[in-house]
Amino acid sequence: MKALATIFAGALALAACSQAPESASTGSDTAAEETTRVVNVYSSRHYASDRAIYAAFTEETGIEVNLIEAGGDQLIERVRADGERSPADVLITVDAARLYRADEAGLFAPTDFASMVPGIAEHLIHPDGHWVSLAKRARVIAYARDRVDPSTLSNYEDLTGPEWEGRICIRSSGNVYNQSLLAAIIERSGEEAAEAWATGINANMARAPQGGDTDQLRGIAAGECDVAIVNQYYYGSLARSDDAANNAVAEAVGLIFPNQEMGGTHVNVSGAGVAVNAPHPEEAQQLIAFFLSEFGQRAFAELTNEFPVIEGSEYDNPVLEAMLPFVEDDVDMGALGENNATAQRVFDRVGWP
Ligand code: FE2
């Protein structure tokens, strides 16, 4: 098989060509418009590599991708406000809570994803086909290799102990990744235990929350904190970066996949659904099928360091492979959305900024 990089390079070159103005002799614009198939994608995925995936999709299907990128809540609000006039065909989020929010707003058309992807686990797909997971991400504990003995740290709950006082870097509670982690703890252990956990983490922070997950990893490398809670793909991206400074951050850090004997490591998903008023529902389904194809799953693993949702997907990414195997929390993705409001209330009560 040709390396993905080569395929993507080819797809990108093709995409660039197709944007060149056509010569006057190739016919009227109207004829061209009639034959051009398009899909309008509203995505909160903030990864440059997705453009390469879209280019490959266009190369394979001839369907052009119009990409609207914004935050999940902004996209949801836009599709909701536009109502029947919404041009959105596919709505993509990087978090199950936002899929839930979009679904609650009635933004998804039921689609038979279950027969499109027989290899997908039940908890990763909406029971009525309103959305489907595209790729998984695990929220893990990162630690300073030179200052922390990983054998002393197994669970998220361990970080609330007094020995971790002043040693934790973690982003703000306004971030949906933390909200979904807390929502999963609420689902597994109840609101009271979740509040005790949030209280303990808040008490042990090395600094007020700042920046994204990558900034927490940099905090460890800079000696500002000894542990952090981050999505594992940020580590993958630093470890596989072309920039030696990023590699050095990754080298200073180890990862622990927590709660292996306590319900599993918290996993969240990138997911997508067909918009309820999609002008191009067929093209929308084709794009989602492409994400779930052998090629698409491989692209997520190789380009964004996310785990495939289809069992047995093959990919070439030693950093990602080294993270396996691990036990993942198989809480229904819908529960992350259902518990989101409670999670936010708990964060407010404990004063986690
Ligand atoms: Fe992210």
Return the calculated 222 nm mean residue ellipticity for the chain, to the nearest 500 deg cm²/dmol, obtained by summing -39500 (n - 2.57) across DSSP H runs with n ≥ 4 and dividing by the residue count. -12500 deg cm²/dmol
If contacts are Cα pairs under 8 angstrom and at least 6 residues apart, what is the relative contact order of the range 149-294 in percent? 26
Gain upon complete extension [residue 51, residue 289; 0.36 nm per residue less C-alpha separation]: 84.0 nm
Mean separation of Cα contacts under 8 Å (6+ apart) over length of the chain, as relative contact order %: 26
Report the FRET efficiency, 1/(1 + (r/R0)^6), for residue 152 and residue 262, where r is their Cβ-Cβ distance and R0 is 25 Å, rounded to 0.05. 0.95
State, as an integer percentage, the relative contact order of the range 287-353 based on alpha-carbon contacts under 8 Å between residues 6 or more apart. 19
Three principal axis extents, largest first, for the C-alpha atoms of the chain, in Å? 74, 43, 34
Filtered GluC sites (Glu not before Pro), the range 216-277: DSSP coil and at most 13 other beta carbons within 10 Å: 261
Under the rule of at least 5 residues apart or a separate chain, name every residue whose amide H is placed under 5 Å from the amide H of residue 231. 140
Only loop residues by DSSP count here, and only those with at most 16 other Cβ atoms within 10 Å; note down the GluC sites (Glu not before Pro) in the range 273-334 that meet that. 311, 314
Quick one: putting +1 on the C-beta of Lys and Arg, -1 on the C-beta of Asp and Glu, what dipole do you get for the chain around its Cα centre, in Debye to the nearest 20? 720
Distant-in-sequence amide H partners of residue 130 (H built 1.01 Å from N, under 5 Å): 111
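No lab work stands behind these numbers, since they all come straight from the coordinates. What you see is a predicted model, and the numbers here were worked out from it, not measured in a lab. Positions of Cβ are backbone-derived with ideal geometry, glycine not excepted, and every protein chain shown enters the neighbour counts.
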